[in-house]
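FYI, it's all coordinate maths here, none of it is from the lab. Just so we're clear, the structure is a prediction, and the values are computed from it rather than from any experiment. Cβ: placed from backbone, ideal geometry, glycine included. Neighbour counts: every protein chain shown.
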Amino acid sequence: MQDLDVRLQQLAHKRRSLPEHAEIESLTKDLTQLRDLLVAAQTEEGDCAREQTKAEQDVDQVRQRAARDQQRLDSGAVTSPKDLENLQREIASLAKRQGDLEDVVLEVMERRESAQERVTELTGRVASVQSKIDDATARRDTAFEQLDGEAAAVTKEREVIAGSVPADLLKLYDKLRGQQGGIGAAKLYQRTCQGCRQELAITELNEVRSAAPNTVVRCENCRRILVRTAESGI
Ligand SMILES: [Zn+2]
């Protein structure tokens, strides 16, 4: 039963310390960071898109106004030299304004394009990290399945043995196991307790030797239940 309990402990420890746990944790951190960057890039792309629309509308307005002015000029309806001069001055100023606004459009388009590139790049990286997480999760779950299956079989085996152990002895064993790092019963091997590795004193040895086979004997030093075998050296 002690062997089975040790095995169960080992299985539980193995389950807790699978390398996939650390792998998934670190990848999940990466994913969170990448998603934040992606959201930022998407937001910037959206902002640029709105800025572009606005800048293009500005260009359009100026162009329309310039076209109207040009039409008035060409129509010959304006005859006063002063009005003509004003009109021409306005057309020239609108042309300059249009050029400036077109520069703004170009600058926004460049920013938008680089934001789009970042969105594409980050989307790819998010997908790649996500697929690594999926892969590690699948490996972890396969390991869980195997370890849990083995633990279930060992537990069943333990139940069978526990059924044949007297209740008070079982209680003592479980209590000692809780106090002594999972080892409640140890073999007495060549006069040495395998629980604490202490050799038994002569008087203690004599007591063990004279005890009936079904008497529960315990180590003087660590208080664990001593299991006598042919190799106990008594
Ligand atoms: Zn001991």
* Structure fact -> If unit charges are put on Cβ atoms (+1 for Lys and Arg, -1 for Asp and Glu) and the dipole of the chain is taken about its Cα centre, the option from Gln71, Leu4, Val105 lying farthest towards the positive end turns out to be Leu4
* Express the relative contact order of the stretch 167-228 as a whole percentage, based on alpha carbon pairs under 8 Å and six or more residues apart in sequence. => 32 percent
* Relative contact order %, the chain, counting alpha carbon pairs below 8 Å whose residues are six or more apart -> 25 percent
* Structure fact -> Toy charge model, Lys and Arg Cβ at +1, Asp and Glu Cβ at -1: the stretch 167-228 dipole around Cα centroid in debye, rounded to 20, equals 160 debye
* Asked: Any idea what the dipole of the stretch 89-208 comes to, in debye rounded to 20, about its Cα centre with Lys/Arg Cβ at +1 and Asp/Glu Cβ at -1?
  -> 400 debye
* Among the DSSP beta bridges whose two residues both lie in the chain, what percent are antiparallel, rounded to the nearest 5? -> 55 percent
* Structure fact -> When the charge dipole of the chain is computed with +1 on Lys and Arg Cβ and -1 on Asp and Glu Cβ about the Cα centre, the Cα farthest towards its positive end, among Ala49, Gly163, Ile24, belongs to Gly163
* Close Lys-Lys pairs in the stretch 2-162, where close means Cα under 24 Å and separation is 8 or more or interchain -> 6
* Assigning unit charges at the beta carbon (Lys, Arg +1; Asp, Glu -1) and nothing else, what dipole magnitude in debye, to the nearest 20, does the stretch 2-162 show about its Cα centre? -> 220 debye
* **Distance from the stretch 111-127 to the stretch 1-41 (C-alpha centre basis), Å** => 30 Å
